[in-house]
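Chemist: This is the structure, below, for whatever I ask next.
Since every read-out is calculated from the coordinates, none of them should be taken as a lab result. If you're wondering where the values come from, they're calculated on a predicted model, not measured in any experiment. Every residue, glycine as well, gets a Cβ built from its backbone with ideal geometry; the counts of neighbours run over all protein chains shown.
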Amino acid sequence: MWKSVPNVLTFMRLGLTVVFLGMVLYWPRVTAGPVFLDVAFVLFVVAGLTDVVDGHVARRWNATSKFGRIIDPLVDKVLVCGAFVCFALIGVPKLFDWDPVTLSVVHWAVAGVLIVREAYVTILRQVAESRGINFAAVRIGKIKMFVQVFAIGTVLIKVAHVPAAWGHWFTLAVFALMVGVTIASGWQATQRIRTPLQVIEG
């Protein structure tokens with residue numbers, strides 16, 4: 001029974017992710033905006049907790065599966081990349097008095113960095129696994145995921161409750177940190193696969 005729990009939790013997280021992203025997109029049409037975003041934030045937190053729980057269950061009861069190793073990170077990518085695409089589509093967060101064009105460039109650049117990194121590392125993982133190279137998650141990948149999740153929460157709280165100038169600076173700093181860690185994790189993934197491939201091909 002326990003072996004099926006992680007996959008059930010993963011599909012629950014996928015459902016919560018779809019609802020969360022839908023709420024973010026619909027938020028501009030809602031009059032009670034802050035409350036609506038608070039509910040979205042709660043859904044986001046619950047989705048994150050299911051990720052923690054299913055990982056714990058999988059390790060505790062040795063309930064890992066090939067399907068789970070594929071679908072679990074995929075759902076994480078949908079949640080994180082989907083959130084920043086939705087933010088870009090609705091034009092949040094607002095930063096200082098930046099004009100709409102500048103904001104749009106920043107929003108889509110951030111989303112683009114995340115999407116390109118995830119696609120790139122997914123390709124590297126497929127290459128590594130096809131060559132029998134271990135490509136399990138490492139510390140910087142976990143740090144990257146934490147910073148990305150923190151950034152999503154920061155955007156939701158800022159938009160709903162923090163119009164003050166310090167909120168702009170804090171959000172910008174979090175975005176810069178997130179982009180830096182995301183790029184660094186992609187670079188490390190390249191280094192992880194380069195040496196084993198050189199050994200195999202040499």
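Chemist: Please go through (1) outside any helix (DSSP H, G or I); (2) surrounded by 13 or more Cβ atoms within 10 Å (Cβ to Cβ); (3) not acidic (D, E) for T31 and return the number of the only condition it doesn't satisfy.
Modeler: (2)
Chemist: When you scan region 2-25, do you find a residue that is touching a Lys or Arg at 6+ places or on another chain (Cβ under 9 Å) and either in a helix (DSSP H, G or I) or within 13 Å of L79 (Cα to Cα) (or both), even just one?
Modeler: yes
Chemist: A further question follows. Give region 9-34 a look and list any residue that's touching a helix residue (DSSP H, G or I) at 6+ places or on another chain (Cβ under 8 Å) and over 18 Å from G82 (Cα atoms), or say none.
Modeler: L9, V30, G33, P34
Chemist: As an exercise: evaluate D76 against (1) in a helix (DSSP H, G or I); (2) surrounded by 19 or more Cβ atoms within 10 Å (Cβ to Cβ); (3) of a type outside the set (V, I, T); (4) over 15 Å from the mean Cα position of the chain (by Cα) and give the number of the one condition it does not meet.
Modeler: (4) is the only condition that D76 fails.
Chemist: Quick test of your reading of the structure: V46 fulfils all but one of (1) assigned to a helix (DSSP H, G or I); (2) more than 20 Å from the chain's Cα centre (by Cα); (3) within 21 Å of F150 (Cα to Cα). Name the failing condition by number.
Modeler: (2)
Chemist: For the list (1) crowded, with 19+ Cβ neighbours inside 10 Å; (2) without any contact (Cβ under 8 Å) to a residue 40 or more places away in the chain, I need the number of the one condition that F36 fails.
Modeler: (1)
Chemist: For region 93-134, give me each residue that is in a helix (DSSP H, G or I), of a type in the set (A, V, I, L, M, F, W, C) and under 26 Å from P163 (Cβ atoms). Steps first, answer last, please.
Modeler: Just the residues of region 93-134 that are in a helix (DSSP H, G or I), to begin with: 100-130.
Checking the rest, the ones that are also of a type in the set (A, V, I, L, M, F, W, C) come to 101, 103, 105-106, 108-111, 113-116, 119, 121, 123-124, 127-128.
Correct list: V101, L103, V105, V106, W108, A109, V110, A111, L114.
Chemist: Give the residue, chosen from G167, G91, that is of a type in the set (G, A, S), buried (at least 18 other Cβ atoms within 10 Å of the Cβ) and closer than 24 Å to F44 by Cα.
Modeler: Working: G91 fails: buried (at least 18 other Cβ atoms within 10 Å of the Cβ).
On inspection, the qualifying residue turns out to be G167.
Chemist: Condition check: within 22 Å of V52 (Cα to Cα), assigned to a loop (DSSP other than H, G, I, E, B), out of contact with any Ser or Thr (no Cβ under 7 Å at 6 or more places or on another chain) and of a type outside the set (D, E). Does A137 satisfy that?
Modeler: It is true that A137 is within 22 Å of V52 (Cα to Cα), assigned to a loop (DSSP other than H, G, I, E, B), out of contact with any Ser or Thr (no Cβ under 7 Å at 6 or more places or on another chain) and of a type outside the set (D, E).
Chemist: A further question follows. Given the options A137, A160, name the one that is within 21 Å of L79 (Cα to Cα), surrounded by fewer than 17 Cβ atoms within 10 Å (Cβ to Cβ) and of a type in the set (G, A, S).
Modeler: So the residue among A137, A160 that is within 21 Å of L79 (Cα to Cα), surrounded by fewer than 17 Cβ atoms within 10 Å (Cβ to Cβ) and of a type in the set (G, A, S) is A137.
Chemist: Among the residues that make up region 5-20, is at least one of them in contact (Cβ under 8 Å) with a residue 12 or more places away in the chain, crowded, with 20+ Cβ neighbours inside 10 Å, among the hydroxyl-bearing types (S, T, Y) and closer than 27 Å to A109 by Cβ?
Modeler: yes
Chemist: Considering every residue within region 79-88, establish whether at least one is over 20 Å from V147 (Cβ atoms) and not hydroxyl-bearing (S, T, Y).
Modeler: No: region 79-88 contains no residue that is over 20 Å from V147 (Cβ atoms) and not hydroxyl-bearing (S, T, Y).
Chemist: Continuing with this model, one more query. Do we find that L103 is among the aliphatic types (A, V, I, L, M), surrounded by fewer than 19 Cβ atoms within 10 Å (Cβ to Cβ), touching a residue at least 40 places away in the same chain (Cβ under 8 Å) and under 20 Å from P28 (Cβ atoms) in this structure?
Modeler: no
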